[in-house]
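K.L.:
Quick one: this structure, given as structure tokens, is what I'll be asking you about.
The values are calculated or read from the model by the stated rules, or taken from the named source; none is laboratory data. For clarity, every value in this text was computed on a predicted model and none was experimentally measured. When we count neighbours, we look across all protein chains shown, and the Cβ atoms used for this are built from the backbone with ideal geometry, even at glycine.
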Amino acid sequence: MQDELFMQRALDLAARGLGRVSPNPMVGCVIVHEGKIIGEGWHRQFGGPHAEVNAVNAVADKGLLAEATFYVTLEPCSYQGKTPACTDLLTKLKPQRVVVAANDPNPQVNGRGLAMLRQAGIEVTTGVLAAGAMALNKRFFVAMHRQRPYVVVKWAQTADGFIARKDYNAKWISNAQSRQLVHKWRTEEDAILVGFNTVKYDNPQLTARDWPGRNPVRVIIDPTLGIGTDFNVFSGDEKVLVFNTVADAQQGRVTRVKVSRENMPDEVLAYLYARDIGSVLIEGGAATLTMFINSGLWDEARVFTAATTFTEGIAAPELAVGPAAEQSIAGDRLRIMYNPVTKELWQKS
């Protein structure tokens, strides 16, 4: 019971890294001596010290570390990356025990870190709150296994199943509270993606202006390069990637990337993954959402259903899965659904 208690604290700490550490996983660490927490930390930002280092730095009396237990939400890394390997730190400190929630799916680690700790004579316990640790890092698990970003599809639809009017206008189906929640989601993902019609007819900014945090990289599907740079999506300081079937080009913050029409979803995600974009939020429109859904290239769906009706318009995408969670957002119904194929990657890895 004590192991679960301290590991839950480590998981709570790890979650603070959401939207800050990608493409690295979120990791928390709690150091316990004689039943009391003497240090704790989490991975705060990509390229910065890992959770174990921050936790050790928080311990006032370093002499207690050799008698302590480390609770870590993910297997300590065993290779030199942007920071030194955490296994080197732990084998040097040689604590009494290390408790790990889940193995790291990175092929450079996956079991190697645990083996190194055991070889150093450290007692290692694994699998404590493993399901929670893997769910927390579902983005990382999918990226490691699929070599592509974690894909969240999101849309708002009317009670009669339309995502926009016949003229493509989609403003505003969901209420203000739902839209603010979407801005929070934008701070948690690395990129946000929309299609040609969404830019042309809605002229969105695709920023997180209604929630504190970073703005995502903006991604546009514009097959024929029919969008001029006078739209809102091209304003501000954030990078803009425009995927098309015409040409590659670079102009300031705007990068145009040529892909094939036949394999567009795969090539878009491969490009993003190669540039350390670990997750993407796809916000529309209907054709763009359907393209990724029909290709099986989605992991999570977040769907708002409002009380309003259109009678006619552009139909919302359809998913043949039931909701894993459901809640009311000031009258809007929010359903969360997962792709059963990719969910197995972070449930049973």
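K.L.:
Pull out all pairs, ordered by first then second residue, where Cβ-Cβ is under 6 Å, the residues are six or more apart or on different chains, the first lies in the range 260-279 and is in the same structural domain as Val240 (by TED's automatic domain parsing), and the second is part of a helix (DSSP H, G or I).
P.N.:
Pro265/Met291; Pro265/Phe292; Gly278/Arg139; Gly278/Ala143; Ser279/Arg139
K.L.:
For Ile336, which of the numbered conditions (1) touching a strand residue (DSSP E or B) at 6+ places or on another chain (Cβ under 8 Å); (2) assigned to a loop (DSSP other than H, G, I, E, B); (3) within 25 Å of Val142 (Cβ to Cβ) fails to hold?
P.N.:
(2)
This table checks each residue for (1) part of a helix (DSSP H, G or I); (2) in contact with a Cys (Cβ under 6 Å, 6 or more places away or on another chain); (3) within 26 Å of Pro216 (Cα to Cα); (4) of a type in the set (D, E, K, R).
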{"site": "Val257", "(1), (2), (3), (4)": "no, no, yes, no"}
{"site": "Thr290", "(1), (2), (3), (4)": "yes, no, yes, no"}
{"site": "Arg302", "(1), (2), (3), (4)": "no, no, yes, yes"}
{"site": "Thr311", "(1), (2), (3), (4)": "no, no, no, no"}
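K.L.:
Any idea which of Lys184, Lys200 is surrounded by fewer than 18 Cβ atoms within 10 Å (Cβ to Cβ), at pLDDT 95 or above and touching a Gly at 6+ places or on another chain (Cβ under 9 Å)? If you could, list the steps in order and put the result at the bottom.
P.N.:
Numbers: Lys200 fails: at pLDDT 95 or above.
Selected residue: Lys184, the only one of Lys184, Lys200 that is surrounded by fewer than 18 Cβ atoms within 10 Å (Cβ to Cβ), at pLDDT 95 or above and touching a Gly at 6+ places or on another chain (Cβ under 9 Å).
K.L.:
Keeping to the range 150-199, report how many residues are assigned to a loop (DSSP other than H, G, I, E, B) and basic (Lys, Arg).
P.N.:
Within the range 150-199, the subset assigned to a loop (DSSP other than H, G, I, E, B) is 158-161, 165-175, 189-190.
Among the residues that remain, those that are also basic (Lys, Arg) are: 165-166, 171.
Total meeting the criteria: 3.
K.L.:
Just to check your reading of the model, which residue among Met7, Met26 is buried (at least 22 other Cβ atoms within 10 Å of the Cβ) and part of a helix (DSSP H, G or I)? Spell out how you get there, then give the answer.
P.N.:
Details: Met26 fails: part of a helix (DSSP H, G or I).
Among Met7, Met26, only Met7 is buried (at least 22 other Cβ atoms within 10 Å of the Cβ) and part of a helix (DSSP H, G or I).
K.L.:
Let me ask something else. In this structure, is Leu74 in contact (Cβ under 8 Å) with a residue 12 or more places away in the chain and closer than 15 Å to Ala55 by Cα? Outline the logic, then answer.
P.N.:
Numbers: in contact (Cβ under 8 Å) with a residue 12 or more places away in the chain: yes; closer than 15 Å to Ala55 by Cα: yes.
In short, yes.
K.L.:
Just to check your reading of the model, which residue among Val53, Val59 is out of contact with any Asp or Glu (no Cβ under 8 Å at 6 or more places or on another chain) and either part of a helix (DSSP H, G or I) or small (Gly, Ala, Ser) (or both)?
P.N.:
Working: Val59 fails: either part of a helix (DSSP H, G or I) or small (Gly, Ala, Ser) (or both).
Just a single option satisfies the conditions, and that option is Val53.
K.L.:
Go through the range 299-349 and give me each residue that's among the polar types (S, T, N, Q), crowded, with 19+ Cβ neighbours inside 10 Å and over 13 Å from Ala159 (Cα atoms).
P.N.:
In the first step, residues of the range 299-349 are kept if they are among the polar types (S, T, N, Q); the result is 305, 308-309, 311, 327-328, 339, 342, 347, 349.
Going one step further and asking which of them are crowded, with 19+ Cβ neighbours inside 10 Å, we end up with 305, 339, 342.
Matches in the range 299-349: Asn339, Thr342.
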